[in-house]
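Each remark here refers to the structure printed beneath this line.
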Amino acid sequence: MALLPKRVKYRKEMRRIRDRKATKGNYVAFGDYGLQSTESLWVSGQQLEAGRIAAQHFLKREGKLIIRVFPDKPISKKPLETRMGTGKAEPDYWAARVKAGKILYEIAGVTEETAKRAFARAAAKMPVKCRFVGRQVRV
Amino acid sequence: MHEKAPVLQASDRERIGTRYCKRYRDAGQLPAVLYGHGQAPIPILLESRDTLAHIHKGEKVFRMNFAGAKGGKHKDDGQTVLLKDLQFDYLGSTIVHADFARVDLSERVRTRVPIHLVGEAKGLKQAGAILMHPTAELEIECMVSELPDFIEVDIADLDVGHSIAAAAVKLPSDSMKLITDSHAICAQIVIQLEVEVAEATTATGEAAEPEVITAKKPAEGEEGAKDAKAGAKDAKPAGDKKK
């Protein structure tokens with residue numbers, strides 16, 4: 001089942017600007033290795049869950065997988081063959097606002113090789129280009 | 001560290017601003033700033049390749065060499081400096097700017113030092129055990145001359161469910177003072193449970209649509225009128241239940 005919030009203040013939300021770069025959550029903070037987005041896009045809850053399952057199934061019970069983003073933005077979509085107008089459509093799915101540089105997943109307690117292979121599977125489920133990053137000291 | 005402090009070739013930065021900094025970077029130089037000791041901050045330029053190589057090695061204390069500066073000997077020539085801050089690009093991989101503070105070797109400074117975990121934890125032999133280290137560096141106060149490259153933490157006796165807090169870490173010198181929160185966890189062994197994931201999925205799966213906090217609750221007497229209104233609109237989508 002896709003991720004979605006338990007409680008929200010409003011059912012619908014404006015689209016807002018997407019083309020930005022991440023200034024927060026753009027480094028590995030909890031685990032040892034991370035999967036970083038190099039593009040800005042909305043990533044749906046289903047896609048995040050698919051990525052998590054792909055990586056978790058590869059890891060089996062080894063390591064700890066951490067999801068750094070949460071789909072809290074409702075995305076509206078009009079039904080097919082509907083005329084334009086008559087107000088904003090109903091929410092269709094929930095998405096996470098992923099900016100370029102954002103860390104999507106982190107892994108702790110596995111080797112670099114294992115983490116790379118797990119993230120390769122998760123990256124295949126993502127709508128954005130991703131890259132593998134490690135933890136670094138930031139002074 | 002201080003005795004073998006690497007020397008950085010520096011020069012004054014005449015042009016400041018985003019546009020010129022980009023040009024400097026393209027030309028193989030690293031924009032930086034030098035401040036401290038009650039003097040005015042001065043924008044400087046460093047040779048990018050050497051500087052970044054030293055920084056990536058974990059060096060923090062340097063000596064500035066302003067040889068070849070215009071107008072004779074520079075006032076900061078031979079000055080010992082401490083790396084205070086780094087700015088990264090949006091992907092967090094390329095260093096685009098560095099901050100240096102003027103220091104004396106006998107001065108006490110605050111800086112962050114990485115933690116190196118040493119030994120094979122006995123708790124890791126248990127199936128599903130994972131070593132977590134949420135705090136990867138400690139902030140300490142010490143003299144510049146005794147600034148360590150890293151702090152070693154022995155985890156050989158660490159068992160499942162146990163953790164090593166920052167206060168329990170033995171600092172290399174008695175004169176060093178820990179600034180990081182003493183309760184911060186440096187190393188911890190946890191057991192990864194498969195059940196956790198399944199529970200989380202069920203919990204989120206139950207709520208097909210989230211609760212809307214600001215949703216208007218229908219008042220008494222209005223319900224009948226509302227039902228009649230809803231009946232008139234046949235083509236209403238199923239997602240309207242919450243209203």
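List pairs: first in the stretch A:1-13 and within 7 Å of chain B (Cβ to nearest Cβ) and surrounded by 16 or more Cβ atoms within 10 Å (Cβ to Cβ), second in a strand (DSSP E or B) and among the β-branched types (Val, Ile, Thr), Cβ under 9 Å, 6+ apart or cross-chain?
Between residues of the stretch A:1-13 that are within 7 Å of chain B (Cβ to nearest Cβ) and surrounded by 16 or more Cβ atoms within 10 Å (Cβ to Cβ) and residues that are in a strand (DSSP E or B) and among the β-branched types (Val, Ile, Thr), the close pairs are A:3/A:67; A:8/B:212; A:11/B:212.
Inspect the stretch B:17-34 for any residue being under 16 Å from residue B:144 (Cβ atoms) and in contact with a strand residue (DSSP E or B) (Cβ under 7 Å, 6 or more places away or on another chain) and give the result as yes or no.
yes
Which one of these is out of contact with any His (no Cβ under 7 Å at 6 or more places or on another chain) and at negative phi: B:146, B:152?
Every option except B:146 fails the conditions.
Can you tell me which residue within the stretch B:2-31, out of those that are in contact with a Phe, Trp or Tyr (Cβ under 6 Å, 6 or more places away or on another chain) and closer than 15 Å to residue B:80 by Cα, is surrounded by the most Cβ atoms within 10 Å (Cβ to Cβ)?
Taking the candidates together, the pick is B:10.
From the set of residues in the stretch A:28-55 that are at the interface with another protein chain (Cβ under 9 Å from one of its Cβ atoms), touching a residue at least 60 places away in the same chain (Cβ under 8 Å) and buried (at least 18 other Cβ atoms within 10 Å of the Cβ), which is nearest to residue A:98 (Cα to Cα)?
A:36
Picking from A:120, A:108, which residue would you name as being of a type in the set (Gly, Ala, Ser), under 30 Å from residue B:124 (Cβ atoms) and free of Cβ contacts under 8 Å to residues at least 24 places away in the same chain?
From the options A:120, A:108, the qualifying one is A:120.
Just one of (1) more than 11 Å from chain A (Cβ to nearest Cβ); (2) in a loop (DSSP other than H, G, I, E, B); (3) under 28 Å from residue A:110 (Cβ atoms) trips up residue B:152, so point out which.
That leaves (2) as the condition not met.
If you take just the strands (runs of 3 or more DSSP E) that sit entirely in the stretch B:90-148, which of them hold at least 1 residues that are modelled with pLDDT of 90 or more and either farther than 30 Å from residue A:19 by Cα or hydrophobic (A, V, I, L, M, F, W, C) (or both)?
Correct list: B:95-102, B:108-118, B:137-143.
One line per residue, one yes/no per condition, for (1) charged (D, E, K, R); (2) over 22 Å from residue B:146 (Cα atoms):
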residue: B:26; (1), (2): yes, yes
residue: B:30; (1), (2): no, yes
residue: B:38; (1), (2): no, yes
residue: B:52; (1), (2): no, yes
residue: B:57; (1), (2): yes, no
residue: B:60; (1), (2): yes, no
residue: B:63; (1), (2): yes, no
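Residue by residue through the stretch A:115-139, note down the ones that are within 26 Å of residue B:137 (Cα to Cα) and within 14 Å of another protein chain (Cβ to nearest Cβ).
A:115, A:131, A:132, A:133, A:134, A:135, A:136, A:137, A:138, A:139 - these are the residues of the stretch A:115-139 that are within 26 Å of residue B:137 (Cα to Cα) and within 14 Å of another protein chain (Cβ to nearest Cβ).
What's the total number of residues in the stretch A:90-114 that are away from every other protein chain (no Cβ under 12 Å) and under 17 Å from the mean Cα position of the chain (by Cα)?
Selection size over the stretch A:90-114: 6.
The values are calculated or read from the model by the stated rules, or taken from the named source; none is laboratory data. Computed from a predicted structure; not experimentally measured. Cβ coordinates were reconstructed from backbone atoms using ideal geometry, including for glycine residues, and neighbour counts include every protein chain displayed.
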